[in-house]
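Peer 1: Got a structure for you, questions after.
The values are calculated or read from the model by the stated rules, or taken from the named source; none is laboratory data. Predicted model, so just to flag it, every value in this text is computed and none were measured. Positions of Cβ are backbone-derived with ideal geometry, glycine not excepted, and every protein chain shown enters the neighbour counts. Heavy atoms of the whole protein, side chains included, go into the accessibility calculation; ligands, DNA and RNA do not. Shrake-Rupley method; radii C 1.70, N 1.55, O 1.52, S 1.80 Å.
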Amino acid sequence: LPVGYAGYRLAVFALTSPRFELTSAEDVVVRGNRFVSREDILSALGVPVARRLRIGVNIFRLSLEEKRKQVESIPWVQSATLSRAYPHRLSVNVVERTPVAFVNLGGHVKLVDGDGVLLEKPEKATFNFPVLTGLDATGGAAARQGRLALYQEFLQAMAGEAPQSGWLISEVDLADPDDLKAVLVQGHETLQVHFGHSDFQERFRDFLTLLPEVRKTN
């Protein structure tokens, strides 16, 4: 009985003492964010940036699962982990999405990650990606992910080949999943090459072999 009573009194103290209340943005520690601002994360948590909470939130009463979902509702956040840091701090660790290309959808250029999630370009951030077209012709998220997987396979195959030959991959058309088309640029020369859906390195080497003959006919 004495042990039970002591535990009860300790629980009451933890749930009611102001010592364990989150009262302002200073009580929230954010890690792992590069493109997502601290302000966006605080807003998702319902914590004002420039003033104290009107009513403090007891750290033990805080639903970490609910707050995690709120943070993960931010498009750039792939996953989040929240933990209590006693006596009254909340620790938020985020894993951001990794963009793989620019995508042109209806004339509006956005970033896209490997899962097909569209992302707004952050201010003061620079990316060196090809521009993808043809994703708006897909039938849904699964089809979009499949074409993005094809694109990433193509990009990986070309990673060592294209730069060594002096060609830059400017655009990639994914409208036809059986025929990936890429716009290659070298100096003032621009060519569209049909790569099919496999053997990208071999097809690029064939292109380099045939290129002198193609130039003679132009």
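Peer 1: Can you pull out every residue in segment 114-131 that is outside any loop (DSSP other than H, G, I, E, B) and in contact with a Phe, Trp or Tyr (Cβ under 9 Å, 6 or more places away or on another chain)?
Peer 2: Scanning segment 114-131 gives 119, 131.
Peer 1: Hey, another quick one. For segment 59-78, give me the residue count where each residue is over 20 Å from the mean Cα position of the chain (by Cα) and part of a loop (DSSP other than H, G, I, E, B).
Peer 2: Count: 5.
Peer 1: Which one of 49, 30, 57, 92 is over 26 Å from residue 144 (Cβ atoms) and either of a type outside the set (Val, Ile, Thr) or surrounded by fewer than 16 Cβ atoms within 10 Å (Cβ to Cβ) (or both)?
Peer 2: Result of the check over 49, 30, 57, 92: 49.
Peer 1: When you check residue 6 against the structure, is it open to solvent by 40 Å² or more (accessible area, probe 1.4 Å) and either at pLDDT below 75 or in a strand (DSSP E or B) (or both), yes or no?
Peer 2: Considered against the rule, which asks whether it is open to solvent by 40 Å² or more (accessible area, probe 1.4 Å) and either at pLDDT below 75 or in a strand (DSSP E or B) (or both), residue 6 comes out as yes.
Peer 1: Go through (1) loosely packed, with under 15 Cβ neighbours inside 10 Å; (2) of a type outside the set (Val, Ile, Thr); (3) touching a residue at least 40 places away in the same chain (Cβ under 8 Å) and name the single condition residue 124 misses.
Peer 2: Only one criterion in (1) loosely packed, with under 15 Cβ neighbours inside 10 Å; (2) of a type outside the set (Val, Ile, Thr); (3) touching a residue at least 40 places away in the same chain (Cβ under 8 Å) is unmet by residue 124, namely (3).
Peer 1: In this structure, does residue 196 turn out to be over 26 Å from residue 105 (Cα atoms), open to solvent by less than 40 Å² (accessible area, probe 1.4 Å) and without any contact (Cβ under 8 Å) to a residue 40 or more places away in the chain?
Peer 2: no
Peer 1: Do you know which of the residues in segment 95-106 that are in contact with a strand residue (DSSP E or B) (Cβ under 7 Å, 6 or more places away or on another chain) and open to solvent by 20 Å² or more (accessible area, probe 1.4 Å) is farthest from residue 45 (Cα to Cα)?
Peer 2: 104
Peer 1: Please verify whether segment 60-83 includes one or more residues that are open to solvent by 60 Å² or more (accessible area, probe 1.4 Å), in contact with a helix residue (DSSP H, G or I) (Cβ under 8 Å, 6 or more places away or on another chain), on the phi < 0 side of the Ramachandran plot and at pLDDT below 75.
Peer 2: Yes, that holds for at least one residue.
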